[in-house]
Amino acid sequence: MLDCIVVGAGLAGLRTATELVAAGREVLVLEARDRVGGRVETIRTEHGAALEMGGQWINDGHERMLALVEERDLTLVDHADGAVVVRLGGGRRHVPTKDELDENLSPFELADLGQGLLRFRRLGERISHDAAWADANRPWFQQSVETWVSANVRTPGGQQWFGRVFEGAFGRPGDEMTLLEGLQRSNNGLDLESLVTVNGALKQRRVAGGIAQLCEAMAADLGDRLQLGAPVVAVEQDDEQVVVVLADGTRHQAAHLVLTLPPRLVNGLKFTPELPTWRRETAEKVPAGNVIKAALIYETPWWRREGMSGQVGSDEGAMRVIMDNSGPDGHGVLMGFFEGPDAPSIATRSEFLRKRAMEDVVKQALGHHGGEPLAYLDRNWSTEQYTGGCHGAHFAPGVWTASGPVLAEPEGRVYFAGSEYSSKFNGYMEGAVRSAERIAKLLLRG
């Protein structure tokens, strides 16, 4: 009998399996798709460009991802320098870049800024989802954004960055706007985290040639312990073992099972005995995001000649976030997201119309200097059978605090790993790896 079966060959599944195999355990990894990576996917086009259609960003705080990248001798690529374009109410302005600051932020200031942006986003999410709470606290929301920043961003450098980005995004300084108005404007389409994270401040980088290389390297280490095209449909467990049943009726036995599926997809499996009702109900409260990730390929990254980074944020239009994803091959690649309430209607259009929609946003924000793109590709993660949406699951207000840590705990001989089950960097690739390493340690300890 196997020591462990791992369901899913994304980052969490591959990391769990390679850790167990390195310790001498007998492991089998079952992946429903015909590829590894899960929500990490790199497409290599006929033009030689490597397009990241899934997760890609790594920053200085992602210690485990950085260690894996170094271990596999992969190269990290910084985001292009230059101006960040913001489109607000049809107008265009620039968010200040790192180079425009008098001094670079220290690591402590970077972390402080990141926490402040995270608090701001989560506060915006709460007023959007909990109208009664927002109404009860309306007097508190009348403070200025600047007052809120001074209480929630502790370092002078972090406060300066927050204020400059906010004014660049919304056209008014924080002392002239109430906190409620600032949060509402951010909720309407301009995510301050997206504007800053790739723009030097939080030092987000990506792997040259695609992050999927990391998954492929771990898969190579597993050899024939990994089976592709093997969707699991049922799980049976007792005091002695766990049995997984594949769609074709094949049964595999092991002492333990690690499921790396997003919570809602776990509910799609048949369990004997049944999972507790609270676990299924909690999983239903954490749906994945509704995202189409798209890319335009050009002969060259022409926007850099115009002094622009290729990063765009907008409060209107079909695509509200665009970033430069160009690789070392010389081609220019702009990546963007159709997401949120606009994604379902965009998804019903033809690929040609989605391409036109993205081109229109690029031309309005960056100009007409690049000519016709060589190609357009996109990935609608909501229609992916074994993903169900991206980026990660969205925890409704209070769900993670009340049930998240318990949701990550094992159920008998069944363990759960993945970005949604991580108490730190939840929803990120780093979270997936940390969750996997935690589960591997638990199994090796037993």
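In segment 248-279, what residues are open to solvent by 50 Å² or more (accessible area, probe 1.4 Å), farther than 30 Å from E216 by Cβ and either of a type in the set (K, R) or modelled with pLDDT under 95 (or both)?
Once the filter is applied, which keeps residues that are open to solvent by 50 Å² or more (accessible area, probe 1.4 Å), farther than 30 Å from E216 by Cβ and either of a type in the set (K, R) or modelled with pLDDT under 95 (or both), segment 248-279 yields K270, T277, W278.
List every residue pair whose Cβ atoms sit under 6 Å apart, with the two residues 6 or more apart in sequence or on different chains, where the first one lies in segment 421-442 and is under 14 Å from V258 (Cα atoms) and the second, anywhere, is outside any helix (DSSP H, G or I) and open to solvent by 10 Å² or more (accessible area, probe 1.4 Å).
From segment 421-442, the pairs are I439/Y415.
Considering only residues that are open to solvent by 40 Å² or more (accessible area, probe 1.4 Å) and among the acidic types (D, E), look in segment 111-149 and name the one that is nearest to the chain's Cα centre (by Cα).
E125
Which condition breaks for V245 when tested against (1) open to solvent by 50 Å² or more (accessible area, probe 1.4 Å); (2) over 25 Å from E437 (Cβ atoms)?
Only one criterion in (1) open to solvent by 50 Å² or more (accessible area, probe 1.4 Å); (2) over 25 Å from E437 (Cβ atoms) is unmet by V245, namely (1).
Restricting to segment 330-356, and then to whatever is modelled with pLDDT of 90 or more and touching a helix residue (DSSP H, G or I) at 6+ places or on another chain (Cβ under 7 Å), can you tell me which residue is surrounded by the fewest Cβ atoms within 10 Å (Cβ to Cβ)?
R354
Name the residue, out of S326, S382, that is outside any strand (DSSP E or B), within 30 Å of A283 (Cα to Cα), touching a residue at least 40 places away in the same chain (Cβ under 8 Å) and touching a Gly at 6+ places or on another chain (Cβ under 9 Å).
None of the others qualify; the one that does is S382.
State yes or no: is L190 assigned to a loop (DSSP other than H, G, I, E, B), buried (at least 16 other Cβ atoms within 10 Å of the Cβ), modelled with pLDDT under 80 and in contact with a Gly (Cβ under 9 Å, 6 or more places away or on another chain)?
Answer is yes for this residue.
Which numbered condition in (1) more than 23 Å from L353 (Cβ to Cβ); (2) at pLDDT 85 or above; (3) in contact with a helix residue (DSSP H, G or I) (Cβ under 8 Å, 6 or more places away or on another chain); (4) surrounded by 14 or more Cβ atoms within 10 Å (Cβ to Cβ) is the only one that I292 fails?
Failing condition for I292: (1).
Out of the residues in segment 274-310 that are within 17 Å of the chain's Cα centre (by Cα) and of a type outside the set (G, A, S), state the one that is farthest from T348 (Cα to Cα). First the steps, then the outcome.
Here is the first cut: in segment 274-310, the ones within 17 Å of the chain's Cα centre (by Cα) are 286-295.
With of a type outside the set (G, A, S) added as a condition, the list becomes 286-287, 290-293.
Values: V286: 24, P287: 21, N290: 13, V291: 13, I292: 12, K293: 15 Å.
Top of the filtered list is V286.
Of everything in segment 272-296 that's of a type outside the set (S, T, N, Q) and free of Cβ contacts under 8 Å to residues at least 40 places away in the same chain, which residue is nearest to T45 (Cα to Cα)?
E284
The values are calculated or read from the model by the stated rules, or taken from the named source; none is laboratory data. Keep in mind that what you see is a predicted model, and the values were worked out from it rather than measured. Here Cβ is always computed from backbone atoms with ideal geometry, including for glycine, and neighbour counts include all displayed protein chains. The area values use the complete protein model at the heavy-atom level, side chains included, leaving out ligands, DNA and RNA. Shrake-Rupley method; radii C 1.70, N 1.55, O 1.52, S 1.80 Å.
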